[in-house]
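Let me begin by presenting the structure, written as structure tokens, before commenting on it.
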Amino acid sequence: MTIQPALALLEFDSIAAGIVAGDAMVKRAPLDLIRTGTVQPGKYLVLVGGRVADLEEAIDAAQAAESDRLVDIVFLPDVHPDVVAAVAGVRRTDDGEALGVIETTTVAAIIQAADAGVKGAQVTLRELRMADGLGGKGYLLFGGPVAEVEAGVAIGSARVTGQLVRETVIAQLHSEMLENLTEDGRFIRVVRAEEE
């Protein structure tokens, strides 16, 4: 997935409203990318990418059409490439000393936290999980040296204070726990894999 230079994600509490808003966005401005779909619990996400001015126009159209059903929004005019990769499902590993976790109530907020954290500290964005299987929440995992992970978590969390569920930094994560985190992350898939 190529998104440059800007990314926006709009999160709606109504599927119909999200479809209306997405349609308004593509009718208003040329977008390099639009991806939409449902996530738990009954939310609708609209992810768009392209030029900054085009995204600003598209967001204005969406808000004019369905602002009352908009739960959260993130607009990143200069999105970090690691965030784009993580949104697309890329998972990374590192040999860092620490693991940082940020958990938010919305998908838009976790994308915002990820972008702020990787821009503000020398961390690896190991994983970004969004909504499905999480009751609509999002979480991310940062890896790296303890001081950098602490900085990344602090910076990312500060950007999403209203939607922050929890943040933590774990120094010297135990190898067995690290092994579990390297797997899929969804409990049922991990348990089923053990049975096979």
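Here, each number is a calculation from the coordinates, and none is a lab measurement. Every value quoted in this text rests on a predicted model; they were computed, and no experiment measured them. Note: ideal-geometry Cβ built from the backbone for every residue, glycine included; neighbour counts use all protein chains shown.
Which shape class, rounded, prolate or oblate, goes with the range 91-195 when its Cα gyration tensor gives a ≥ b ≥ c as root eigenvalues, a/c under 1.5 marks rounded, and past that a/b bigger than b/c marks prolate?
Verdict is oblate for the range 91-195.
Amide H of residue 71: which non-local residues (sequence gap of 5 or more, or other chain) have their own amide H closer than 5 Å, using H built in the peptide plane?
Those qualifying (amide H under 5 Å, at least 5 residues apart or on another chain) are 11, 12, 13.
Any lysines with Cα under 20 Å of the residue 137 Cα? List them, leaving off those in the same chain fewer than 8 positions away.
Qualifying lysines at Cα under 20 Å: 43.
Wrap a convex hull around the Cα atoms of the chain, take a quarter of its surface area, and give that in square nanometres. Could the numbers behind the result be given before it?
Working: hull surface 43.5 nm².
Orientation-averaged projected area of the Cα hull: 10.9 nm².
If each DSSP helix of 4+ residues adds -39,500 (n - 2.57) and the sum is divided by the residues in the chain, what number results at 222 nm, nearest 500 deg cm²/dmol?
Values: 7 runs with 80 residues, N = 196.
Per the formula, -12500 deg cm²/dmol.
List the residues whose amide H sits under 5 Å from the amide H of residue 126, counting only those 5 or more places along or on another chain, with H placed 1.01 Å from N in the peptide plane.
Those lying under 5 Å, H to H, from residue 126 are 141, 142, 143.
Give me the Å³ per residue figure for the convex hull around the C-alpha atoms of the range 6-76.
Values: hull volume 4.5 nm³, N = 71.
Per-residue hull volume (Cα only) is 63 Å³.
In degrees, nearest 10, range 0 to 90: what is the angle between the Cα axis of helix 15-28 and the longest Cα principal axis of the chain?
The two axes meet at around 70 degrees.
Which chymotrypsin sites (Phe, Trp or Tyr not before Pro) from the range 1-77 combine a DSSP loop assignment with at most 10 other Cβ atoms within 10 Å? Show your work: numbers first, answer last.
Values: sites: 12, 44, 75; in loops: none.
Passing both the DSSP loop test and the Cβ count: no residue.
So what J values fall out for the range 107-118 if you push phi through Karplus, 6.51 cos²θ - 1.76 cosθ + 1.60 with θ = phi - 60°, rounded to Hz, Gly and Pro as x?
Per residue, the Karplus-derived 3J(HN,Hα) values read 5, 4, 5, 6, 5, 4, 5, 4, 5, 5, x, 6 Hz.
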